[in-house]
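Some notes on the structure that comes next.
The values are calculated or read from the model by the stated rules, or taken from the named source; none is laboratory data. Just so we're clear, the structure is a prediction, and the values are computed from it rather than from any experiment. A quick note on method: Cβ atoms are made from the backbone with ideal geometry, for glycine too, and the neighbour counts reach across all protein chains shown. Areas reflect the complete protein model, heavy atoms only, side chains present, ligands, DNA and RNA absent. Shrake-Rupley method; radii C 1.70, N 1.55, O 1.52, S 1.80 Å.
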Amino acid sequence: MAVRPSQPSRKLVIKPKANRGIKTSVHPQSTQLTDPQGRRFHYLRLSITDACNFRCSYCLPEGYLKRADAPEPLSHPEIANLIAGFAEAGFWKVRLTGGEPTVRRDLLQIIETAARTPGVREVALTTNGSRLRSLAGDFRRAGLTSLNVSVDSLDPERFTEISGQPRLAEVLEGIDAAFEAGIPSIKVNAVLLKGLNELELDRFIAWTRDTPISIRFIELMRTNRNAEYFETYSLSAGEIQLRLARAGWVARPKTEGDGPAIEYTRPGHLGRIGVIAPYSRDFCASCNRLRVSSQGGLRLCLFGEKDFSLRSLLRSPEQKDELLATLQELIGRKPDSHLLHQGIYGSTRNLADIGG
Ligand code: SAM
Ligand code: SF4
């Protein structure tokens, strides 16, 4: 049975930040990609598929529908060339996401490839957790260092209502399996939804008392398909931050290289709470990441209008210099900030397209 958030956990031995035997190589020629605003980039978020087996109400409410004319996702060799190029450009953290990355049969090989790439120190995965119970040990053996599991509600019925799948218990068992496998860093993502999971803050917090887990509350993001949903369910992270402060949680000062998430700790809790608030004013100042779609499109900003296709530069490892030169050129076009406050949401139809 899955460890319930309110139960004492038997996983106290896990040290979340420890490097448990994972290679931490530094790429011999690595440079750091810097944009005109002086932001430095080390974090690649790579979508490896846009397909998904869930139908989250804010993402793919109708479920995944494959477009007849859609190109195939990047192959394993293309992904290997992409990661090697980014690693040489100073990207030491790679997150595999989707869609749902576990629908790809070659996921373990992709994790292994990423973990073996010189310069890559962290290999992370974002998943809905539906296949975690059986795969957690393999993930660890393949070299995964960090795992984010989406759990929008701890109430089985509400979970089903939000995700379209009656599988909360399985997902929680998957998280147990990830702790048992010794994956060093385990986080939970919960999209803040007004009138839904906002009522569960105390339950999520209780989970962090005895379990070294980091729970990340993410503001619902507007896409060009979810206007009505956004209108009904969006909730400012500010309200949660106020409640956290009242309950004695303290924001950790940011250090260089930290991304836009604000992390809170509280004495007596092994876990942490994180808040990701793209609508807060200074969100873009600490941007440290680039996104690549499952078809090899570089997205300079999550809320940008277009992708720059890198696919023709991924056919062979010999193209690495060309790839690096292209990245150098494109980073110069990275916008200072998204334009959400002006009502401009970019071309994203849903986050399954680009990986969230
Ligand atoms: N399928 C995997 C999962 O759900 O974890 C990975 C892909 S999913 C697009 C990545 C993250 O984006 C998930 O945590 C999901 O909850 C979040 N997400 C999707 N649509 C969102 C939206 N409109 N606003 C905020 N977060 C969103
Ligand atoms: Fe699938 Fe993740 Fe989107 Fe949910 S959030 S529909 S699990 S891609």
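DSSP beta bridges in the chain, what fraction antiparallel, as a percent rounded to 5?
Once the DSSP bridges in the chain are tallied, antiparallel ones form about 25 percent.
Helix 76-88 sits at what angle to the longest principal axis of the chain, using alpha carbons and giving 0 to 90 degrees rounded to 10?
90
Under the rule of at least 5 residues apart or a separate chain, name every residue whose amide H is placed under 5 Å from the amide H of Glu305.
It is Ser347, by chain and number.
Under 4.7 Å Cβ to Cβ, no partner at all: give me those cysteines from the chain, in residue order.
Isolated Cys, the chain: Cys52, Cys284, Cys287, Cys301.
Mind listing the long-range amide H neighbours of Asn148? Cut-off is under 5 Å, sequence gap 5 or more, other chains count too, H placed in the peptide plane at 1.01 Å from N.
Leu125, Thr126, Thr127, Lys187
Keeping all protein chains in position, work out how much accessible area Ile273 exposes to a 1.4 Å probe, and write it in Å² to the nearest 10.
The value for Ile273 is about 0 Å².
Shape of segment 49-96 from its Cα gyration tensor (a ≥ b ≥ c, root eigenvalues): rounded if a/c is under 1.5, otherwise prolate when a/b > b/c, or oblate?
Values: a/c = 4.05, a/b = 1.88, b/c = 2.15.
Verdict is oblate for segment 49-96.
Taking θ as phi - 60°, what are the ³J(HN,Hα) couplings along segment 51-65 by the Karplus curve (6.51, -1.76, 1.60), each to the nearest whole Hz, with x for Gly and Pro?
Once rounded to whole Hz, the list reads 7, 8, 9, 10, 9, 4, 4, 9, 10, 10, x, 8, x, 7, 10.
Using only the Cα atoms of segment 241-300, build the gyration tensor, take square roots of its eigenvalues as a ≥ b ≥ c, and label the shape rounded, prolate or oblate: rounded if a/c is under 1.5, else prolate if a/b is larger than b/c, else oblate.
Numbers: a/c = 2.60, a/b = 2.28, b/c = 1.14.
Cα axes put segment 241-300 in the prolate bin.
Could you order Thr255, Thr160, Thr49 by accessible surface area, starting with the largest, using a probe radius of 1.4 Å? All intermediate terms of the calculation are to be shown ahead of the outcome.
Numbers: Thr255 90, Thr160 50, Thr49 10 Å².
Largest accessible area first, the residues go Thr255, Thr160, Thr49.
Per residue, how much accessible area does the chain have with a 1.4 Å probe, in Å²?
Values: 15620 Å² over 356 residues.
Heavy-atom accessible area per residue stands at 44 Å².
Among Lys93, Lys334, Lys254, which one shows the biggest mean-square fluctuation in a GNM of the chain, springs joining Cα atoms closer than 10 Å?
Highest fluctuation of the listed residues: Lys254.
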